[in-house]
Amino acid sequence: MRPSTKPPFGISACLKLRIDDIGSDGRPGFRVLAEEPGRELVVGAVGKLWHLNIPFADIRSKDAFRSFDQPGFAKVAWAVRVSPRGERGSHIEFEVRVRATDAESLRAFRRYFAIIGPASRFIRRHLLGLLGHELGALDAGDASNPRIIPAKSQSSGLARRAR
């Protein structure tokens, strides 16, 4: 089954997020933490993700992200990874990791993710499906793979270094 190419929930197709726009407004939020051009991009933020209007910590570098440990927050990083598949193909992978800075923040994040998790998985799968559709044929199981986080042995060094 091919994923739909319509944007979810009536979102206009003209809305675009460009990697160059991440962090360009000078406000706290998501930042590019690591990049290997053409291979992998890691983006992260520190915030109280369970709030409706997320209060983000002002993290400006990979080192600041890695060392941040103030209680009451969660650190989230996502990676988009592209690896060659054969002579003309590519495998695109999206990984998300979250680490709370203390036990209460972990409980708050778990409550939040119990509600938002299914929508988050749907959006990631949908976006990967759109990307696969844009770039060419998908393998049968790629767009609906339920595994969210690969085994540590499959994780890239960039994603681990960005934590």
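Coordinate-derived values only; no laboratory data. Source: prediction; values computed, not measured. Every residue, glycine as well, gets a Cβ built from its backbone with ideal geometry; the counts of neighbours run over all protein chains shown.
If you stretched the chain out fully between SER83 and LEU106, how much longer would it get, using 0.36 nm times the residue separation minus the C-alpha to C-alpha distance?
Details: separation 23, 0.36 × 23 = 8.28 nm, distance 3.25 nm.
Here the answer is 5.0 nm.
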Under Karplus coefficients 6.51, -1.76 and 1.60, residue-wise ³J(HN,Hα) of region 94-100 in Hz, glycine/proline x: 10, 10, 10, 10, 9, 9, 7
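Any number yet on Rg/Rh for region 39-88, C-alpha, Kirkwood? Please report the intermediate quantities before stating the final value.
Working: Rg = 14.8 Å, Rh = 12.7 Å.
Dividing the radius of gyration by the Kirkwood radius yields 1.16.
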Where does each of ARG60, ARG99, ARG125 land when they are ranked from fewest to most other beta-carbon atoms within 10 angstrom? ARG60, ARG99, ARG125
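What full-extension length gain, to one decimal in nm, is calculated for GLU36 and LEU127 as 0.36 nm per residue of separation minus the Cα-Cα distance? Spell out each step's value before the answer.
Numbers: separation 91, 0.36 × 91 = 32.76 nm, distance 2.11 nm.
Stretched fully, the GLU36-LEU127 segment lengthens by 30.6 nm.
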Specify, per residue and in Å³, the volume enclosed by the convex hull of the alpha carbon atoms belonging to region 65-131. 95
